[in-house]
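Notes to accompany the following structure.
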Amino acid sequence: MSTRSQLKPLPFSLSHFQVSPGRDYPLGATLDENGCNFAIHAGDAKHIELCLFDEHENEVARLVLPGKQGGIRFGYVKGIKANQYYGYRVFGAYQPEHGNWFDPRKLILDPYAKAISRPLIWDSKAYQEDNADLIPKCIVCDDHFDWQGVTKPNVDRQDMVLYETHVRGFSKLNTQVTEQHRGSYLGVSDSASIKHLKDLGITSVQLLPTAAFMSEPRLKGLGLSNYWGYNPILFMAPEPRYAKSNALIEFKTMVRELHRNGIEVILDVVFNHTAESGDDGPTLCYRGLDNKHYYLFERIGDSPDYSHYANNTGCGNSVSLDHPVSLRLVLDSLRYWVEEMQVDGFRFDLAVSLGRENNHYTSQAAFFKAVAQDPILSQAKMIAEPWDIGPNGYQLGHFPERWMECNDRFRDTSRGFWKGEHGLLGEMATRIMGSRDLFLASRRSIHTSVNYICYHDGFTLEDLVSYEQRHNHANGEENRDGHGHNISANYGEEGRTKDKKVLALRRKQKRNLLATLMLSQGVPHFLGGDELSRTQQGNNNAYCQNNEISWFDWNLDRDQQQFLIFCQQLMALRKRSRVFHYLQLENDSYEKCHSQLHGVRWYRHDGENMHQEDWHQSHGWAVAVEVRNLRESKERWLWIINASSHEIDFVIPTAEGKSIWCQQMDTANEQAIFEKKLRGVSSVKLKAKSMLLLEQVKS
């Protein structure tokens with residue numbers, strides 16, 4: 001299968017371009033004033049042909065790369081300019097049973113490509129035999145871009161408010177966004193989009209995957225496509241679906257304009273698997289270059305079983321970081337996004353996979369060590385999704401000390417507590433205070449916990465209080481996909497309703513859940529669209545819904561507009577008080593701010609201190625927490641929580657000196673955030689399923 005006779009006949013002369021040995025570093029296509037150096041790792045391949053194409057994707061040359069250094073093939077082609085299209089054909093043994101998938105009939109993408117000519121859209125007919133018509137062409141890129149002097153915002157972790165969103169869905173239906181920008185990179189950085197983010201109080205936008213991906217072949221048969229983008233084929237090239245003409249330039253423009261307005265860009269990255277899928281998947285890139293080292297395999301004794309890919313991801317394959325070539329690719333990709341594309345950090349999908357060595361997780365894995373010592377990457381924000389589906393895949397609390405971690409315990413406890421589940425009061429208090437049982441005060445920052453109520457893979461906040469069951473029929477899997485345990489409630493009627501009492505309770509529960517998120521210690525993660533009361537019609541796994549189910553609806557009714565205002569006011573309240581985003585307790589030995597020291601006290605509804613047995617009552621749903629600054633500002637707050645189904649009188653501590661308590665929030669009220677001075681008051685009344693926030697102020 002390695003002979004030229006099996007390839008399409010060449011419609012051109014090979015003598016038009018001149019190729020010389022060139023250099024083996026850096027990998028990828030590196031342009032200079034005279035031409036371009038091409039270097040690619042191809043393991044045990046016999047040789048590689050560089051295929052050049054014109055702007056219409058017509059092949060114009062095939063050149064054997066003459067240089068070889070270990071597994072790297074390289075060559076310099078004189079006269080190559082920016083925007084040249086290219087790909088590779090790899091010659092060698094086709095022996096899948098031995099891990100080798102070299103097949104020159106397949107045009108192969110460059111793992112280090114910085115841009116591609118079009119989206120990769122699966123077509124089984126185009127894949128047969130010679131697949132050149134299926135494969136988008138890699139593009140030789142000129143990295144020059146005018147950043148106009150704009151630099152990174154460098155937001156402190158204590159000040160971060162994460163906003164998770166999808167490039168297309170965020171602005172697709174927003175009529176305030178410039179029409180030609182909607183649903184694109186430029187839509188995210190449109191002036192209307194930036195105004196919305198700033199009015200809301202967002203510091204950091206976390207984008208669902210923006211690296212080039214391919215929708216799964218089975219979805220095409222269902223008339224669907226992968227919307228979220230968690231099926232990557234290239235790690236460095238921005239996805240062209242979200243660009244109007246030039247993905248590279250438009251992505252950089254988006255970053256620049258967000259940075260100009262003080263907003264960071266965090267990328268959701270997927271290094272745990274690729275779109276080449278499992279044993280019957282297509283050869284598009286890594287499989288055709290060095291299958292044995294880019295992927296993990298099941299084992300027979302001490303030997304890899306090349307007929308069965310390890311599947312720690314549920315996506316058919318698992319990328320291996322055991323080998324230097326794959327580890328180098330991931331590190332080079334991260335460095336490229338930070339340095340050249342100027343992003344501020346990353347959220348790692350199924351991050352446990354990055355810490356597997358010989359398929360066993362360790363926080364001392366080579367990847368983590370490499371990041372920690374890297375002068376560029378060690379300064380970027382790193383957020384782990386601390387699990388995968390492989391052996392011992394749940395590792396919350398076990399990532400390196402400077403990493404942040406998505407805290408699903410916060411999500412589940414908050415949902416269950418406000419829903420009315422028994423015995424969660426003690427754990428709720430632990431989650432509010434930064435989950436110090438998971439992230440020890442002596443070893444991790446209080447900002448380690450990324451707290452969230454909702455994420456892209458699950459119910460939106462609106463659906464969380466409107467549906468008890470998933471409604472995923474549109475996904476074509478007979479409602480079998482998506483998580484079945486959502487800790488949700490409909491409060492009287494499934495889905496849409498006109499019942500005013502049900503709707504009022506749903507709105508109150510949304511305020512309770514969001515206030516819990518924003519007032520707890522840690523980094524708050526806000527699911528984009530929740531401020532708009534966005535619904536996915538009960539779909540908790542909308543990964544394949546590139547339509548109105550997933551796109552933000554910006555047409556708000558009166559109640560939705562009121563909730564948006566609540567979100568804006570709540571984030572502003574959090575921002576103005578240091579105690580809600582940088583609590584410093586006496587036993588916090590990992591990091592210290594000597595001008596800050598806070599005290600915390602917990603009270604029962606009768607005004608007495610909470611005792612050990614109070615935390616373990618199965619019917620405990622009410623508590624008050626006093627948080628105060630013992631130095632400088634003398635801030636003092638009282639946060640009173642009643643998750644029970646009945647009204648409760650709370651005895652409150654006495655205000656000090658000439659101060660009084662001032663009510664700043666009452667979630668039982670539709671207009672929840674307002675000032676109300678409480679003079680001569682020794683107790684307050686909390687309605688069922690509500691919370692009050694009191695601040696001590698001068699009388």
If we ask which residues in the stretch 546-582 are at pLDDT 95 or above, over 16 Å from Glu531 (Cβ atoms) and loosely packed, with under 15 Cβ neighbours inside 10 Å, their number turns out to be 2
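Across the stretch 446-497, which residue is farthest from Gln537 (Cα to Cα) among those that are β-branched (Val, Ile, Thr) and part of a loop (DSSP other than H, G, I, E, B)? Give the steps one after another, and end with the answer.
Taking the stretch 446-497 as the starting set, the residues that turn out to be β-branched (Val, Ile, Thr) are 446, 448, 450, 453, 460, 465, 487, 497.
Filter once more, keeping what is part of a loop (DSSP other than H, G, I, E, B): 446, 448, 453, 460, 465, 487, 497.
Working: Ile446: 36, Thr448: 33, Ile453: 18, Thr460: 9, Val465: 12, Ile487: 17, Thr497: 12 Å.
The extreme case among them is Ile446.
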Checked the stretch 54-111 for anything closer than 19 Å to Arg23 by Cβ, touching a Lys or Arg at 6+ places or on another chain (Cβ under 8 Å) and crowded, with 20+ Cβ neighbours inside 10 Å; matches are Leu65, Phe74, Tyr76, Tyr86
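If you scan the stretch 288-316, which residues turn out to be at positive phi and out of contact with any Gly (no Cβ under 8 Å at 6 or more places or on another chain)? Walk me through how you get there before you give the answer.
Here is the first cut: in the stretch 288-316, the ones at positive phi are 301, 314, 316.
Of everything in the stretch 288-316, those that are at positive phi and out of contact with any Gly (no Cβ under 8 Å at 6 or more places or on another chain) turn out to be Gly301, Gly314.
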Note on the stretch 588-643: residues over 35 Å from the mean Cα position of the chain (by Cα), under 15 Å from Ser577 (Cβ atoms) and of a type in the set (Phe, Trp, Tyr) are none
Quiz prompt | Residue check for Ile108: aliphatic (A, V, I, L, M), in contact with a Cys (Cβ under 8 Å, 6 or more places away or on another chain) and under 30 Å from Tyr306 (Cα atoms) | solution = yes
Within the stretch 594-630, the residues that are assigned to a loop (DSSP other than H, G, I, E, B) and closer than 22 Å to Gly201 by Cβ are Gln596
Going through the stretch 429-474 in order, the residues found to be closer than 26 Å to Ala622 by Cβ, without any contact (Cβ under 8 Å) to a residue 40 or more places away in the chain and of a type outside the set (Asp, Glu) are Thr430, Arg436
- Query: Is at least one residue of the stretch 488-503 loosely packed, with under 15 Cβ neighbours inside 10 Å, over 17 Å from Ser414 (Cβ atoms), of a type in the set (A, V, I, L, M) and more than 24 Å from the chain's Cα centre (by Cα)?
  - Reply: no
Output for Cβ contacts, cut-off 6 Å, separation at least six or different chains, first residue under 30 Å from Gly416 (Cα atoms) in the stretch 630-648, second small (Gly, Ala, Ser) and surrounded by fewer than 23 Cβ atoms within 10 Å (Cβ to Cβ), reads Asn642/Ala622; Ser644/Ala622; Ser645/Ala688; His646/Ala688; Glu647/Ala688; Ile648/Ala622
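The rows are residues; the columns are (1) modelled with pLDDT of 95 or more; (2) more than 18 Å from Gly79 (Cα to Cα); (3) not in a loop (DSSP other than H, G, I, E, B).
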{"residue": "Met1", "(1), (2), (3)": "no, yes, no"}
{"residue": "Lys8", "(1), (2), (3)": "no, yes, no"}
{"residue": "Leu14", "(1), (2), (3)": "no, no, no"}
{"residue": "Gly22", "(1), (2), (3)": "yes, no, no"}
{"residue": "Pro26", "(1), (2), (3)": "yes, yes, no"}
{"residue": "Glu33", "(1), (2), (3)": "yes, no, no"}
{"residue": "Asp44", "(1), (2), (3)": "yes, yes, no"}
{"residue": "Cys51", "(1), (2), (3)": "yes, no, yes"}
{"residue": "Glu55", "(1), (2), (3)": "yes, no, no"}
In the stretch 513-556, anything of a type in the set (A, V, I, L, M, F, W, C), part of a loop (DSSP other than H, G, I, E, B) and either in contact with a Gly (Cβ under 9 Å, 6 or more places away or on another chain) or farther than 23 Å from Gly484 by Cα (or both) is listed as Trp551, Phe552, Trp554, Leu556
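The values are calculated or read from the model by the stated rules, or taken from the named source; none is laboratory data. It should be emphasised that the depicted structure is a prediction, and the values quoted were computed from it without experimental measurement. Ideal geometry is used to build each Cβ from the backbone, glycine not excepted, and the neighbour counts take in all protein chains shown.
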